[in-house]
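Worksheet: the structure to be examined is printed underneath.
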Amino acid sequence: MAPSDWNATIIAEFRANEGRVGGPFQGAPMTLMHHTGRKSGRDYVNPAMYLPAGDDPDTIYVFATNAGKPHDPEWYSNLTSAGKGSVEVGTEAYPVIVTELTGADRDRIYAEQAKRYPGFADYEQKTAGIRTIPVLALRRA
């Protein structure tokens, strides 16, 4: 299945089930990230797992793993370039401000996600020495 078909299937399932999806994402917190192509100007939607910020109900963290590929996903570049976007979480949709985490903050949040979902540790191993997987904070605007 092509990545765009895979995403379309997840997006449809997310919207049909109040933000829940099955398969490999069963029980995981999911969001749909809306962003504008920095070159094309087109609107895009990408599904992603997220980590809620325990101390801030208006912030979620997303991880630009690109399934462990050696390059960042396009949505990462689009969101960081614009500094804003919007998300769907459950049945709610709202605009967000995008901030990239660095250093110890990034490492702490990524480690927590990898602890909860070991696939994230696998992605980090695949990209070791090639790139550091970015972590973005998406804060309700």
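Which aspartates and glutamates have a Cα less than 16 Å from the Cα of residue 69, not counting those fewer than 8 places away in the same chain?
122, 124
Just subtract the alpha-carbon distance of residue 92 and residue 141 from 0.36 nm times their residue separation and send over the number in nm, one decimal.
16.3 nm
For a label point 7 Å from the Cα of residue 112 along Cα→C-beta, name the residues of the range 45-71 whose backbone N is under 13 Å from it.
Inside the label zone: 50-62.
What part of the accessible area of the chain, given as a whole %, is carbon or sulfur when the probe is 1.4 angstrom? Display every interim value, and only then the final one.
Values: 3900 of 7730 Å².
Percent of accessible area from carbon and sulfur atoms in the chain: 50.
Over the range 55-111, one equal point on each Cα, no solvent: what is log10 I(q)/I(0) by the Debye formula at q = 0.14, 0.16, 0.20, 0.29 Å⁻¹?
-0.45, -0.59, -0.92, -1.34
Which of rounded, prolate or oblate describes the chain when judged by the alpha-carbon gyration tensor and an a/c cut-off of 1.5? Working shown, then result.
On the way: a/c = 1.20, a/b = 1.16, b/c = 1.03.
Here the chain falls in the rounded category.
Across the range 1-72, what fraction of all alpha-carbon pairs, as a whole percent, falls in each successive 10 Å bin from zero upward?
17, 47, 32, 4
Please identify which residues in the range 1-44 have an amide N closer than 16 Å to a label point set 7 Å out from the Cα of residue 67, following the Cα→Cβ vector.
Once the point is set 7 Å along Cα→Cβ of residue 67, 1-11, 23-26 turn out to lie under 16 Å by backbone N, inside the range 1-44.
Give the accessible surface of the chain per residue, rounded to a whole number of Å², with probe radius 1.4 Å and ligands, DNA and RNA excluded.
55 Å²
The values are calculated or read from the model by the stated rules, or taken from the named source; none is laboratory data. In this text the structure is predicted, and so the values were computed from the model without any measurement. When we count neighbours, we look across all protein chains shown, and the Cβ atoms used for this are built from the backbone with ideal geometry, even at glycine. When the accessible area is computed, the model is the full protein with side chains, heavy atoms only, and any ligands, DNA or RNA have been set aside. Shrake-Rupley method; radii C 1.70, N 1.55, O 1.52, S 1.80 Å.
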